[in-house]
Amino acid sequence: MAFMAALALTLIPLVPAQSTASSTAAAAPAAPTPSSIPIPPPTAPPPQVALPPGTRELQDARVVADKVAQGQLQTYHFSVAQQQHLPVRRQLERIIFHPGLDTNPALHKRQAAPTGSTLTSTAPAPVRTVAPTLPSPLPNGTYAVFISVSTCSTPKSGANVCPPLVLYVSTSTSQPLPGPGQDPNAVKVVSGHEGLIQFTVYTDRDVFFSLQAPALEGTWTGDWSVEVGASTQGYVQRYDSSQGLVLDDTDSTSASFLTHNFTAIPTFKVYLVDSTFLPRGLMHSLCAIEAIQPTPLTKANMIVTQTNRTSNLDGSMGRLILPAEPTFEQFGQRRQVLLQSLTAGTDYTAFFITDVLNQAGAEVMWAMTRFRTKRHDNCVLITDLQFCHEIAYAVPVTPLSTLPGGGANGGANSTTTTRLDVKKFYDDFSSNLMDNFNKVLAQYDCTRSQYSLIRNCTDCTRAYRRWLCSVSIPQCTDAEDVLDPRNVGYVPPSVYADPSVVENPYLVDRSRGPVIVERDTNTSRGAIAQLSQSNPLMNPGPYGEILPCIDLCFDVVQSCPNFLGFNCPVKNMAGNYASMNSEGFQCNGLGVVAVPSSGSRSLVVLSGGMWTVMVVGVLATVFLQ
């Protein structure tokens, strides 16, 4: 009212005072007083629709748990007009993300500190406020209503897969009970996939929808347990077919992943399920996963750190030129997730769940990530190296169970110490080799001379470092993987019975050869070959080596000056390199080689069974046996 009074005062014209009667008669009429200005009454809520008995009313962005019995039709009602008259809570929750200052920062979501309290961290913490918003109409006056239904559990009958629920949707008040057999022009029929139904309705009033459970015959027991939500802001339960977690590698007790690239990191949680207990037909339903694994992983068995190392999500897929170091502006942020305390030789499935920015209560379930831990403990996962910072895979090491205090699976203290020691040995070995390369490249004036229109000395150094790390730090896997059918291109010993092959083994075309080759302590290369005689941790015994991707070598040739004389084998790689295989195992590309490349290259084939890199002026030799 104060505002209206102020508005009325601004409408009073300012005119000079007149003393004559004629002037008074000609004066403008007086402005209305504030009490005489009509105020339109508030729009009344629309009349309630007569709903069928048992119909559940849904509120915007609220998820309700429900059950649907066999052969039952469960109905729901959502009104856009009524939602606009509900009391609005201006702030539901304040979510604070702390990047952390320690070496192992963890992501967590918590309520904001009470007024007057102080946060323990002195670093400025980005803050975002999530609050409900009134729906905005589309240009045609309608609103988008997002309906999502997650099936948490189904009736059971041995190993049989239960038929799914069916969603029927109506926007007509004359059809408040949608169901089977009705006019298809008035009732939409929606089916789901893997336990998740999603449908968008465009309307300006009421939405009626029903869940129809099929009538089952036989020995089925139980009901359908569901979570139902409707919102004008977006799906409260959503599935994204992209992988939220990309597997780096595993050892016998741990696994390393990179998260999806986010322009703004949301809070997230990870569920880990033994793959033998996965819910059949419900793989897109978060509540179905929570029914098996009620709580996500915690700090006790999951370490989350920020990283900028390159992944196959950084936009390099299919490129012939490997990408530079990733930056936030180009590729967003990513996190490294290290899972611990796993069981050797076990198939796991990881589920990555994130919240939705600026949509309270909404969650996204990303495509699951399947992986298997190593069978043996002579492969140890190492990450976060200083020099070879893109290394995040298992490397050969003396079996942990044979080390003092190792035990069956390696004691906690012994395993931690071994990881640190092994990481340092490998990193120092590669870094020392890089010193020779830097001395030779320093002979070229990189600041004044230009040897390429698209590459420079920085690109050359980066490409050489990636190649050097991949060939000097072998990626380790179980020896059994050598004979795995997925190891496409494996040449069985019977082939070498051919006399011509015995005389010249390079007649065997290895341009599409195996990705994994058999190694032993005495037949290893790189750091193992150089350190096994003097280091007790470098005696792995039999293991399988995942060969480096030939693309890493090609990148060196493309990026460095011609006078360095780098060349790569093309056909007879002699078990030193592998091509990316889309049908089976993938070669070791340090995460920067995503898919098989279709580009053709004209390169020089080196002869002989031992490939030696000669650097002019200083010898930097890497034996690739």
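Quick one: would you say Gly599 is modelled with pLDDT under 90 and within 22 Å of Pro396 (Cβ to Cβ)?
Details: modelled with pLDDT under 90: yes; within 22 Å of Pro396 (Cβ to Cβ): no.
No: the conditions fail for Gly599.
Please work out which one of (1) touching a residue at least 60 places away in the same chain (Cβ under 8 Å); (2) under 18 Å from the mean Cα position of the chain (by Cα) is the condition Pro296 fails and give its number.
Result: Pro296 fails condition (1) only.
State yes or no: is Gly229 over 17 Å from Tyr168 (Cα atoms) and not aliphatic (A, V, I, L, M)?
So Gly229 fails the test.
Is at least one residue of the stretch 160-168 modelled with pLDDT of 95 or more, more than 17 Å from Pro214 (Cβ to Cβ) and of a type in the set (A, V, I, L, M)?
Among the residues of the stretch 160-168, not one is modelled with pLDDT of 95 or more, more than 17 Å from Pro214 (Cβ to Cβ) and of a type in the set (A, V, I, L, M), which makes the answer no.
Residues are listed down the side, and each one gets a yes or a no for (1) at pLDDT 90 or above; (2) not in a helix (DSSP H, G or I):
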position	(1), (2)
Val502	no, no
Arg512	no, yes
Ala529	no, no
Gln533	no, yes
Gly541	yes, yes
Asp551	no, no
Val557	yes, no
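Quick one: would you say Gln333 is of a type in the set (S, T, N, Q) and modelled with pLDDT under 90?
The answer is yes for Gln333.
Within the stretch 57-76, take every residue that is of a type in the set (S, T, N, Q) and in a loop (DSSP other than H, G, I, E, B) and give me the one that is nearest to Leu216 (Cα to Cα). Break it down stepwise before answering.
Here is the first cut: in the stretch 57-76, the residues of a type in the set (S, T, N, Q) are 59, 70, 72, 74-75.
Pick out the ones that are also in a loop (DSSP other than H, G, I, E, B) and you get 59, 70, 72.
Values: Gln59: 32, Gln70: 7, Gln72: 11 Å.
Among those that are of a type in the set (S, T, N, Q) and in a loop (DSSP other than H, G, I, E, B), it is Gln70.
Considering only the stretch 145-257, give the strands (runs of 3 or more DSSP E) lying wholly within it that have at least 3 residues that are touching a residue at least 60 places away in the same chain (Cβ under 8 Å) and surrounded by fewer than 18 Cβ atoms within 10 Å (Cβ to Cβ). Lay out the reasoning, then the answer.
Values: elements: 166-170, 187-191, 196-203, 206-212, 224-231, 237-243, 245-250.
In the stretch 145-257, the matching strands (runs of 3 or more DSSP E) lie at 237-243.
Conditions tested, residue by residue: (1) among the hydrophobic types (A, V, I, L, M, F, W, C); (2) within 19 Å of Leu338 (Cβ to Cβ); (3) part of a helix (DSSP H, G or I).
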residue: Ala264; (1), (2), (3): yes, no, no
residue: Lys269; (1), (2), (3): no, yes, no
residue: Leu272; (1), (2), (3): yes, yes, no
residue: Thr276; (1), (2), (3): no, no, yes
residue: Pro279; (1), (2), (3): no, no, no
residue: Leu282; (1), (2), (3): yes, no, no
residue: Ile289; (1), (2), (3): yes, no, yes
residue: Thr295; (1), (2), (3): no, yes, no
residue: Lys299; (1), (2), (3): no, yes, no
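Confirm whether Leu247 is outside the structural domain of Cys152 (by TED's automatic domain parsing), within 12 Å of the chain's Cα centre (by Cα), at pLDDT 90 or above and within 30 Å of Ala394 (Cβ to Cβ). Explain how you work it out, then say what you get.
Working: outside the structural domain of Cys152 (by TED's automatic domain parsing): yes; within 12 Å of the chain's Cα centre (by Cα): yes; at pLDDT 90 or above: yes; within 30 Å of Ala394 (Cβ to Cβ): yes.
Spelling it out, Leu247 is indeed outside the structural domain of Cys152 (by TED's automatic domain parsing), within 12 Å of the chain's Cα centre (by Cα), at pLDDT 90 or above and within 30 Å of Ala394 (Cβ to Cβ).
Restricting attention to the stretch 410-435, which residues are surrounded by fewer than 16 Cβ atoms within 10 Å (Cβ to Cβ) and at pLDDT 80 or above?
Restricting attention to the stretch 410-435, the residues satisfying the condition of being surrounded by fewer than 16 Cβ atoms within 10 Å (Cβ to Cβ) are 412-413, 416-417, 420-421, 424, 428, 432, 435.
Leu420, Asp421, Lys424, Asp428, Asn432, Asp435 - these are the residues of the stretch 410-435 that are surrounded by fewer than 16 Cβ atoms within 10 Å (Cβ to Cβ) and at pLDDT 80 or above.
For the stretch 391-405, enumerate the residues that are farther than 14 Å from Ser532 by Cβ, assigned to a loop (DSSP other than H, G, I, E, B) and in contact with a strand residue (DSSP E or B) (Cβ under 7 Å, 6 or more places away or on another chain).
Matches in the stretch 391-405: Ile391, Ala392.
The values are calculated or read from the model by the stated rules, or taken from the named source; none is laboratory data. Computed from a predicted model, the values in this text were never measured in an experiment. We place every Cβ from the backbone using ideal geometry, glycine too, and count neighbours over all the protein chains shown.
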